[in-house]
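Only one structure is covered here, and it is reproduced in the block below.
The values are calculated or read from the model by the stated rules, or taken from the named source; none is laboratory data. As the structure is a prediction and not an experimental result, all values here were calculated from the model. For neighbour counting, all protein chains shown are included, and Cβ atoms are generated from backbone atoms with ideal geometry for every residue, glycine included. These area figures cover heavy atoms from the full protein model, side chains too; ligands, DNA and RNA do not enter into them. Shrake-Rupley method; radii C 1.70, N 1.55, O 1.52, S 1.80 Å.
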Amino acid sequence: MKFYTTSGIARILRGELISNSDPVVRHIIFDSRKIISSENALFIAIIGQRHDGHDYIPEMYKKGVRNFLVSKKFKNFDRFQGANFIIVPNPLGAFQQLASYHRNQFGYPVVGVTGSNGKTIIKEWIYHALSEKFNIIRSPKSYNSQIGVPLSVWNMTNEYDLGVFEAGISIPGEMQRIQNIIRPEIGIFSNIGEAHQENFENIIQKIREKLEFFIEAEVIIYCKDHENIHREIIDHEELKDKRLLTWSANYDADLQIDSIEKEGNKTRIIAYYEDQNVDIEIPFIDNGSIENAIHIWLLLLHLGLDNEYIKSKMLNLPVIAMRLEMKRGVNHCTLINDSYNSDIGSLNIAINMLHQQNQHKKKTVILSDILQSGRSNEDLYADVDDLMNRYHVNRLIGIGHAIAQQAEVFDVDSEFYTSTEQFISYLSTSKFQDEAILLKGSRDFHFEKISNLLEEKVHQTVLEIDLDAMLSNLNYFRSRLQSDTNVMAMVKAFSYGSGTYEIANMLQYHKVDYLGVAFTDEGIALREAGIGLPIIVMSPEEESFELMIEYELEPEIYNLRVLEQFNNEVGRMGKEEYPVHLKIDTGMNRLGFKSYETDQLIESINLVKHLKVISIFSHLAASEDPEQDDFTNAQIKQFDELSNRIIQELGYPVLRHILNSAGIERFPSAQFDMVRLGIGLYGISAVDSEHLQNISTFKSTVTQIKNVSKGETIGYGRAGKANKRKTIAVIPVGYADGLRRGLSNGVGRLYINGHYVPIVGSICMDMCMVDVTGCNVDEGDEAVIFGDEIPVSELAEKLNTIPYEIFTGISNRVKRIYYQE
């Protein structure tokens, strides 16, 4: 790999250098939580909307980082002895400039993929199809952003002979910067859709922005059937000299699709190319996969590959697991499955997720050979060992000849096997107890066999939680806050049914300020899972005061009796200035001090000796309802007056908070010092915001399909009756799982294989039946109860309830699976 010294980087960027030495830079760091190696690392101090990278320089310095790319605003150089600083106007822009310079050092071709959907799958399928012919460098996972693209290109070396990178945008003006970094010779435009549409005037503006990616390309591959894309390419002045390689099922094209035949789980595609009949078969039947595959087919034909070779590769296109999957493992373990690909960049991402699992002290990595890295095995596995040490991995299990030959490189406790089969033959699940396990393997090693053995066996109904969507929701609400407003995330009631430590770990990692639970046992469970954030108990019970203090949980104080009793318990346990939070009742008429109790509260607070008030708060009763805004504004005004009065008597600063999720969206002027983010974190908005993402999918599997004759009945009480011959699918999900009986008899519906199918008869405890007459549904197909296709709000409306009740009603026997890119 080509490495740069700090002085060389300063020259390339025309930056000012404050230097104590001139080390080589091998690693780039943006996130203080994700350090591959502090030695030879350069930290880029990005200035964002909510966070300023310069604030993390002291933390990075303590961790051993000595090289920093900073903006001219940074002044405290003398505090960091032995450090090197490169000073530029814009650190992110400067790194993009550095990546562009690095890209220019290599002459091998680069394929660039853009579009609204399918970018990552196309990139990975290109790698699958061409890895026998080329040594390929590609974007890790879906690294296609303003930060992800330069990080991907930074990994280019002379050992590769083909690059494949994807490019994504979310606002106008971004693509020109990405194009200047990737500069593809061959471009693929997958399709156009509604993703990030809110930031563009219309679909045409977004297409034109994406076409900037191809300004220096020689060849552009796209589908003529996307008429807007075709028209804009033809009309684009700077693309008139490009070779346009097109495919179409409706128009004349280079690859003319004659027929698409779906049978079973495969699709045969017949076409004409250069006056010859050609065909392929792919192991998918969904339209998105068919479209992605044809793009790749046309690329392979353009590269002149043998038709039989192409057919074999397309027939074996792999399923691409787009995200890390986290689930419960055997013997109280947590299993993280990332057999999506295996390279040093994605390994760093996966180990970082492993490191977040504070509920386990022990961390184990099961790692296959890292294939086709373009580096010597000695250097490659030395970096792997550095990652193991950096993230405090306790045990490494290496699988493959290459990693086994580097056994002496690893300091961590390790064992090695030449193949997955050999490991399984020696595997005893009793070897894994109360630990976090990362499975990280190239697809050739078939780690799904290991996953099946280490996964806790529960029934087929699952609740999938998208941690990236939750983070997106968190960042959306943060974007509506002042920079100094703290965030308390509510994780009570099993995180609204989504999980306990899995959600809390993510929130802690992304630096929320407080967590809120309902009862002491919820807080204890988080502490025992390694959660160190301040935790407020919103409904403290007197019999749990001792445990609350032992586990450093902070109670809501809502009346004088609780104030006195908790103070006495704190004193008995020898504590001083124990943090507490005062609840003011401004009209909710639940827990809290009424306004007429304020004088007595102030007097009592001044008398207690062992407590310190950290915050004062209240609860809005109807912040989501515009018709109640006068009442809400009156609540806010009363809270402001009462809390100010109490703080004046206390004589020291105290946090104030009243806004819930709806309040954050609708009453931004009442942020005070902190907000409490609850249902909004889980994707439910008070104002139908397009910015929030659904985080959870409740789904099961079709276990049986049967025909029912006219006049027969279905289910308990014969509540369902067939008025004609019907086809019925049985799904193993019932009211014991959280599928409410009120959705019986056609009130509710499920989504199966592209069809909305009504529930027939009464929902049973453990299963339900749906009408799939005339639908393409097979046993084993996925059945969605709620998710993107059926919003949870739809179920709530049909049941005359609220999404909270639906979420919290999902039974604990339903397996939770967590995803993260």
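If you take the residues of region 466-497 that are among the small types (Gly, Ala, Ser) and in a loop (DSSP other than H, G, I, E, B), which of them is farthest from residue 355 (Cα to Cα)?
Step by step, filter region 466-497, then rank; the result is 483.
Could you list, in sequence order, the residues of region 498-530 that are within 17 Å of residue 486 (Cβ to Cβ), part of a loop (DSSP other than H, G, I, E, B) and in contact with a helix residue (DSSP H, G or I) (Cβ under 8 Å, 6 or more places away or on another chain)?
510, 512
Open to solvent by 10 Å² or more (accessible area, probe 1.4 Å) and in contact with a helix residue (DSSP H, G or I) (Cβ under 8 Å, 6 or more places away or on another chain): is that true of residue 609 in this structure?
Against the criterion (open to solvent by 10 Å² or more (accessible area, probe 1.4 Å) and in contact with a helix residue (DSSP H, G or I) (Cβ under 8 Å, 6 or more places away or on another chain)), residue 609 qualifies.
Hand me the list of strands (runs of 3 or more DSSP E) wholly inside region 245-351 holding 3 or more residues that are farther than 28 Å from residue 498 by Cα.
255-263, 266-273, 276-282
Report yes if residue 483 is closer than 22 Å to residue 659 by Cα and crowded, with 21+ Cβ neighbours inside 10 Å, otherwise no.
Judged against the criteria, residue 483 is not a match.
Between residues in region 400-420 that are under 16 Å from residue 445 (Cβ atoms) and open to solvent by less than 30 Å² (accessible area, probe 1.4 Å) and residues that are among the hydrophobic types (A, V, I, L, M, F, W, C) and assigned to a loop (DSSP other than H, G, I, E, B), which pairs lie under 8 Å by C-beta distance while being six or more apart or on different chains?
Final answer for the pair search is 402/370; 403/370; 420/447.
Among the residues of region 432-455, are any open to solvent by 20 Å² or more (accessible area, probe 1.4 Å), closer than 30 Å to residue 765 by Cβ and either assigned to a strand (DSSP E or B) or aromatic (Phe, Trp, Tyr) (or both)?
Yes, region 432-455 contains at least one residue that is open to solvent by 20 Å² or more (accessible area, probe 1.4 Å), closer than 30 Å to residue 765 by Cβ and either assigned to a strand (DSSP E or B) or aromatic (Phe, Trp, Tyr) (or both).
Restricting to region 549-593, give me the number of residues that are part of a helix (DSSP H, G or I) and in contact with an Asp or Glu (Cβ under 9 Å, 6 or more places away or on another chain).
Here is the first cut: in region 549-593, the ones part of a helix (DSSP H, G or I) are 549-550, 560-572.
If we keep only those that are in contact with an Asp or Glu (Cβ under 9 Å, 6 or more places away or on another chain) as well, we get 549, 560-562, 565-566, 569-570, 572.
So the answer is 9.
Closer than 30 Å to residue 130 by Cα and either of a type in the set (Val, Ile, Thr) or surrounded by fewer than 21 Cβ atoms within 10 Å (Cβ to Cβ) (or both): does that describe residue 351?
Spelling it out, residue 351 is indeed closer than 30 Å to residue 130 by Cα and either of a type in the set (Val, Ile, Thr) or surrounded by fewer than 21 Cβ atoms within 10 Å (Cβ to Cβ) (or both).
Among the listed residues 107, 112, identify the single one that is on the phi < 0 side of the Ramachandran plot, among the small types (Gly, Ala, Ser) and free of Cβ contacts under 8 Å to residues at least 12 places away in the same chain.
Result of the check over 107, 112: 107.
Any residue in region 701-719 that is over 17 Å from residue 780 (Cα atoms) sitting within a Cβ distance under 7 Å of a residue that is exposed (fewer than 11 other Cβ atoms within 10 Å of the Cβ)? List the pairs, counting only those 6 or more apart or interchain.
Within 7 Å, the pairs are 710/723; 710/724.
Looking at region 236-250, can you tell me whether even one residue there is of a type in the set (Phe, Trp, Tyr) and more than 31 Å from the chain's Cα centre (by Cα)?
Checked region 236-250: at least one residue is of a type in the set (Phe, Trp, Tyr) and more than 31 Å from the chain's Cα centre (by Cα).
Of all residues being under 17 Å from residue 666 (Cα atoms) and surrounded by fewer than 16 Cβ atoms within 10 Å (Cβ to Cβ) in region 632-652, which is nearest to the chain's Cα centre (by Cα)? Just the residue, please.
633
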